[in-house]
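J.: Have a look at this one.
The values are calculated or read from the model by the stated rules, or taken from the named source; none is laboratory data. From a predicted model like this one, the values you see are computed outputs, not experimental measurements. We place every Cβ from the backbone using ideal geometry, glycine too, and count neighbours over all the protein chains shown.
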Amino acid sequence: MNSETQQHHLRVEVADWMTAHLSGEFACLQYRGGPGDEEAYPALRKKWERELASGGWTGLGWPKEQGGRAMSVADQVIFHEEYARAGGPGRMGHIGEGLLGPTLIACGTEDQRKRFLPGILKGTQFWCQGYSEPGAGSDLANVRTRAVRDENGNWRVHGQKVWTSLAHDSDWIFVIARTDAESRGNRGLSFLLMLLDQPGIEIRPIKQLNGGAEFNEVFFDGALAAAEDLVGTPGDGWRIAMTLLGFERGMSTLGQQMQFIRELEWVVDAAHEAGVANDPLIRQRIARAWSGLRVMRYNALRMLAGADADEGGGALGREALIYKYYWSNWHRELGQLAMDVLGPDANVIDRADAKRTRLQGVFLFSRADTIYAGTNEIQLNIMAERGLGMPREPRGTQ
């Protein structure tokens, strides 16, 4: 059987499995739980993670010796595309499976892998990411959360993280903290794994523009990170964090693009219903949005092209540096297009009008796309400094 035939069979297998399992009690999850909708059915979406695990659809790219399926990039692309095409819900386990798990495989100890990977794969352990801070939302090297070793060799953490997605629904958090009090910039940072349900940690939800509260502030007041839950060595946190960010720009981008396709389809349908589909300017903007999606897809495939040869994972090429800047600006423009297509109705909230509500949701949430996970300004610096080798932008002293 040639590879093209095998890929066709896999595509059919994934589609058939999704049809059979995204039904019954899980039917309400279809197309739910994505960006801006992550508060939808959290308990049921956790159960869905266990359903995926029972079907063998977790850890697709992980090595077999770590419980994964060691799928090729091409096969993983097929899964993500068919999952999104079927309306698979936003993944509650994404941070653990897509980010932390591969990072522990690449950088963790054997003990850490044995303790954490099985729960992630089974959909029974959920993680959130403790990177951003009030004074370091986009500039990770500016973190001020600190960790001090106690007499037992454990770490006591003090500080605050912000914009922590789904912290209130997570079991563990990985935290970048400054363990060398005299250090500056990206030196003296460490990567710690911390249980959330413990004294010294407080989680406060942040109310968003769209009415939801999927983001949180997380406060640390002497909370414990066990000695064995330090990934790498003290001061090695920046390297670990950059490895993890490589996975963030990796495979899940294809699923994200399928969501974008759906949103563009909603915009086109709304244009027809509003009678503006033949307006030359609207048509031009829709065409530009469609073209942007194709550019996004081909660049994603280009940046993933070498991943099969990279045993450690996360080592994406320079192509990955442009991805966040490109998609976030594209998505923000799509949100504005949605409002312009709706016309005056865009300013009226009517929860009974599901189509209008979801387009308003696209607009409101996309306002944040060019800010979180690195603002446009930070992304341009990254492209210039890391991609083009230009001098670093002058940074103030602290």
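J.: Could you give me the residue pairs with C-beta distances under 7 Å whose first residue belongs to the range 1-25 and is in contact (Cβ under 8 Å) with a residue 24 or more places away in the chain and under 18 Å from Val73 (Cβ atoms), whose second residue is of a type in the set (Ser, Thr, Tyr) and assigned to a helix (DSSP H, G or I) wherever it lies, and which are 6+ apart or on separate chains?
T.: Every condition considered, the pairs that remain are Val14/Tyr83.
J.: Also, I was wondering about something else. Assess whether Glu97 counts as being in contact (Cβ under 8 Å) with a residue 24 or more places away in the chain, surrounded by fewer than 22 Cβ atoms within 10 Å (Cβ to Cβ) and within 18 Å of the chain's Cα centre (by Cα).
T.: For Glu97, the condition - in contact (Cβ under 8 Å) with a residue 24 or more places away in the chain, surrounded by fewer than 22 Cβ atoms within 10 Å (Cβ to Cβ) and within 18 Å of the chain's Cα centre (by Cα) - is not met.
J.: Which condition breaks for Pro391 when tested against (1) modelled with pLDDT of 85 or more; (2) surrounded by fewer than 16 Cβ atoms within 10 Å (Cβ to Cβ); (3) under 26 Å from Asp37 (Cβ atoms)?
T.: For Pro391, the failing item is (3).
J.: Could you please find all residues in the range 316-350 being modelled with pLDDT of 95 or more and touching a Gly at 6+ places or on another chain (Cβ under 6 Å)?
T.: Once the filter is applied, which keeps residues that are modelled with pLDDT of 95 or more and touching a Gly at 6+ places or on another chain (Cβ under 6 Å), the range 316-350 yields only Trp330.
J.: When you check Ala177 against the structure, is it hydrophobic (A, V, I, L, M, F, W, C), more than 18 Å from the chain's Cα centre (by Cα) and surrounded by fewer than 14 Cβ atoms within 10 Å (Cβ to Cβ), yes or no?
T.: Answer is no for this residue.
J.: When the residues of the range 100-124 are narrowed to those that are crowded, with 20+ Cβ neighbours inside 10 Å and touching an Asp or Glu at 6+ places or on another chain (Cβ under 8 Å), which ends up farthest from Phe215 (Cα to Cα)?
T.: Out of the qualifying residues, it is Leu121.
J.: For the range 215-231, check the following and say yes or no: at least one residue is in a strand (DSSP E or B), touching a His at 6+ places or on another chain (Cβ under 9 Å), of a type outside the set (Asp, Glu) and under 21 Å from Arg115 (Cα atoms).
T.: Yes, some residue in the range 215-231 is in a strand (DSSP E or B), touching a His at 6+ places or on another chain (Cβ under 9 Å), of a type outside the set (Asp, Glu) and under 21 Å from Arg115 (Cα atoms).
J.: Can you list residue pairs whose Cβ atoms sit under 9 Å apart, with the first residue in the range 376-396 being polar (S, T, N, Q) and the second being outside any loop (DSSP other than H, G, I, E, B)? Count only pairs 6 or more apart in sequence or on different chains.
T.: Asn376/Tyr325; Asn376/Ser328; Asn376/Asn329; Gln379/Leu321; Gln379/Ile322; Gln379/Lys324; Gln379/Tyr325; Gln379/Ser328
J.: Take the range 63-116 and flag every residue that is hydrophobic (A, V, I, L, M, F, W, C) and on the phi > 0 side of the Ramachandran plot.
T.: Hit for the range 63-116 is Ala70, nothing else.
J.: If you check Gly36 against the conditions, is it of a type outside the set (D, E, K, R) and closer than 18 Å to Gln256 by Cβ?
T.: Considered against the rule, which asks whether it is of a type outside the set (D, E, K, R) and closer than 18 Å to Gln256 by Cβ, Gly36 comes out as yes.
J.: Determine, yes or no, whether Val157 is among the β-branched types (Val, Ile, Thr), over 25 Å from Ile371 (Cα atoms), touching a strand residue (DSSP E or B) at 6+ places or on another chain (Cβ under 6 Å) and at pLDDT 95 or above.
T.: yes
J.: Shifting gears a bit: Quick check on the range 1-27: of everything there that is surrounded by 13 or more Cβ atoms within 10 Å (Cβ to Cβ) and more than 16 Å from Glu81 (Cβ to Cβ), which residue is nearest to the chain's Cα centre (by Cα)?
T.: Top of the filtered list is Phe26.
J.: Might you check whether a residue that is at pLDDT 85 or above, surrounded by fewer than 20 Cβ atoms within 10 Å (Cβ to Cβ) and more than 30 Å from Ile105 (Cβ to Cβ) occurs anywhere in the range 296-311?
T.: No: the range 296-311 contains no residue that is at pLDDT 85 or above, surrounded by fewer than 20 Cβ atoms within 10 Å (Cβ to Cβ) and more than 30 Å from Ile105 (Cβ to Cβ).
J.: Restricting to the range 79-94, name every residue that is aliphatic (A, V, I, L, M) and crowded, with 23+ Cβ neighbours inside 10 Å.
T.: Scanning the range 79-94 gives a single hit, Met92.
J.: Something else now. Check whether at least one residue in the range 351-363 is closer than 14 Å to Lys324 by Cα, in a loop (DSSP other than H, G, I, E, B) and either in contact (Cβ under 8 Å) with a residue 60 or more places away in the chain or of a type in the set (Lys, Arg) (or both), and report yes or no.
T.: The answer is no, given that none of the residues of the range 351-363 is closer than 14 Å to Lys324 by Cα, in a loop (DSSP other than H, G, I, E, B) and either in contact (Cβ under 8 Å) with a residue 60 or more places away in the chain or of a type in the set (Lys, Arg) (or both).
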